[in-house]
Every structure is written in structure tokens, then in C-alpha cells.
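A quick write-up on the structure given underneath.
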Amino acid sequence: MHELQLLQQVVKQVEQLCQNRPGTNLSRIRLEIDSHSHLASHTPEELRATFHFAAQGTAVDSADLDIHVRVSTGTCQSCEAVFDRTPETYGCPHCFSGDIAWEGHPELIIKDIEFMEKAR
């Protein structure tokens, strides 16, 4: 389960950020997933469930998770067509080659983290 390992890394990184924010509670994490990542083949609900499993018992446990899928652009190495990745894209929509060079974006980015002041 590669998605569990990636989301465990998110939990670890966000936990470290929480240590630098005493007096606050983590409320929301916004993730951006590249559409050519295998993570995009999972529903947001599946990814949230995996995230909450990875976050159990941590400072990240109560955070809401927002997921945005960023559309990847690819260039066919055979016919040089440029196109956006959709869930149905398995190869070049023009020549059907599978030799695609995708933009060099990370598979997963922590875009934003929201904190709230702790109630006194």
C-alpha cells in the first residue's frame, strides 16, 4: 500500500510542524495530488480513510483533509502531442503510444495547513 506510506510521511511532516505551533490545534490539511500519480486512482474518501488510519494517536488525528487533484500535462515521445491527463488517459490520445513524458511535479504536495487557537 504505497498510499499508506505516502500519507504516513504527510502525518510525520505535519506533526513536526505542529510542534512549532504551541497553543494551537491543527484543523485542516490541504493536499495536492498529481493526476498521473497512482494516488489519483483512489477516491478522496479512500485517501481520507487511509490518512486517518495513519494519523491515529498523533497530533494530526483530528485534522480535516482536503484533497485537490492537479491535472498533469504530458508530451508523447512518439508524435510530440501535448495533452492533459484524465482518468481515462492510458496513452497518447493521438497515436496511442504509451511513451509519455509527464510534467516534473511531485506526486503529492502539502499545499496548506490551518491551525486554530486552543480554547482557554
Identify the residue in segment 104-119 that is surrounded by fewer than 14 Cβ atoms within 10 Å (Cβ to Cβ) and of a type in the set (A, V, I, L, M, F, W, C) and, among all such residues, is nearest to Glu46 (Cα to Cα). Met116
Which residues, taken from segment 19-57, are modelled with pLDDT of 90 or more and in contact with a Cys (Cβ under 9 Å, 6 or more places away or on another chain)? Leu26
Just the residues that are among the aliphatic types (A, V, I, L, M) and under 11 Å from the mean Cα position of the chain (by Cα), please, taken from segment 1-57. Leu6, Leu7, Val10, Ile29, Leu31, Ile33, Leu39, Ala40, Leu47
Scan segment 4-18 and give yes if some residue there is touching a Ser or Thr at 6+ places or on another chain (Cβ under 8 Å), closer than 26 Å to Ala119 by Cβ, among the acidic types (Asp, Glu) and modelled with pLDDT of 90 or more, otherwise no. yes
Based on what the data block shows, is Asp61 touching a strand residue (DSSP E or B) at 6+ places or on another chain (Cβ under 7 Å) and either hydroxyl-bearing (Ser, Thr, Tyr) or at pLDDT below 95 (or both)? no
Would you mind listing the strands (runs of 3 or more DSSP E) fully within segment 1-103 where at least 1 residues are buried (at least 16 other Cβ atoms within 10 Å of the Cβ)? 24-34, 64-70, 73-76, 100-102
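The values are calculated or read from the model by the stated rules, or taken from the named source; none is laboratory data. Every value quoted in this text rests on a predicted model; they were computed, and no experiment measured them. Cβ coordinates were reconstructed from backbone atoms using ideal geometry, including for glycine residues, and neighbour counts include every protein chain displayed.
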